[in-house]
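Here the structure is laid out as structure tokens; the discussion comes afterwards.
The values are calculated or read from the model by the stated rules, or taken from the named source; none is laboratory data. If you're wondering where the values come from, they're calculated on a predicted model, not measured in any experiment. Glycine gets a Cβ as well: all are built from the backbone with ideal geometry, and neighbour counts include every protein chain shown.
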Amino acid sequence: MRRLRTCSGFTLIELLLVLVIGGIMSMVAIRSFSQVHGSLGARTAQSTFTGMHAQARAISVEHGIPVLLRVDPEIGAVSIQDLSGEVLRSRDFAASYDVTIGTPNGVVDLCMVPRGFADPRCGNVNDRTEITFTRGNRVRSVTLLPLGQLGEA
């Protein structure tokens, strides 16, 4: 009597099917990850800006000097400076978070005074000023008010 030989393993079609399904699942995962990554960059930039706003106020109050919070959308940076122009803190948002900063009228200067509020006479925030942080199709924003309050738009 002749014995049948059994082979264990996978056929070529089964292997190809697994590879195709794996490739489709990888593409979906990569696409989802890139969307989350863009959202996180904009959110992190917004959070960092909020922290720098608080730092500007704290430095002004602690040292008893007026401090300028400068948002420069052209170079994609935010800095804290004294009124002589010396940079006390700075962050390049374009390089750090790959975001684009948007302002209504170019450079925004918010002048914090030692009493803990902003003085519109030494800055240029005289009305509600919205600052946006954009990465891909994700946008986060904050609103600066004339006396230095900060709110989410």
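Among the residues making up the range 135-153, those that are assigned to a strand (DSSP E or B) and either acidic (Asp, Glu) or within 13 Å of LEU69 (Cβ to Cβ) (or both) are VAL142, LEU144, LEU150, GLU152. Scanning the range 109-134 for residues that are touching a Leu at 6+ places or on another chain (Cβ under 7 Å) and not in a loop (DSSP other than H, G, I, E, B) yields ASP109, LEU110, CYS111, MET112, ALA118, THR129, ILE131. Scanning the range 91-136 for residues that are farther than 23 Å from GLU62 by Cα and acidic (Asp, Glu) gives ASP92, ASP98, ASP127, GLU130. Candidates ILE75, ILE65, ILE59, ILE80: the one that is touching a strand residue (DSSP E or B) at 6+ places or on another chain (Cβ under 8 Å), surrounded by 14 or more Cβ atoms within 10 Å (Cβ to Cβ) and assigned to a loop (DSSP other than H, G, I, E, B) is ILE65. The single condition among (1) touching a Pro at 6+ places or on another chain (Cβ under 9 Å); (2) surrounded by 15 or more Cβ atoms within 10 Å (Cβ to Cβ); (3) within 26 Å of THR134 (Cβ to Cβ) that ARG91 does not satisfy is (1). Taking the criterion of being farther than 16 Å from GLU74 by Cβ and polar (S, T, N, Q), the residues of the range 86-128 that qualify are SER96, ASN126. Just name the residue that is farthest from the chain's Cα centre (by Cα) out of those in the range 130-153 that are farther than 30 Å from PHE33 by Cβ and buried (at least 19 other Cβ atoms within 10 Å of the Cβ). So, considering only residues that are farther than 30 Å from PHE33 by Cβ and buried (at least 19 other Cβ atoms within 10 Å of the Cβ), the one farthest from the chain's Cα centre (by Cα) is GLY148.
From ALA94, ALA54, grab the single residue that is more than 30 Å from ARG31 (Cβ to Cβ), hydrophobic (A, V, I, L, M, F, W, C), modelled with pLDDT of 90 or more and not in a strand (DSSP E or B). Full working, then the answer.
On the way: ALA94 fails: more than 30 Å from ARG31 (Cβ to Cβ).
Unique residue meeting the criteria: ALA54.
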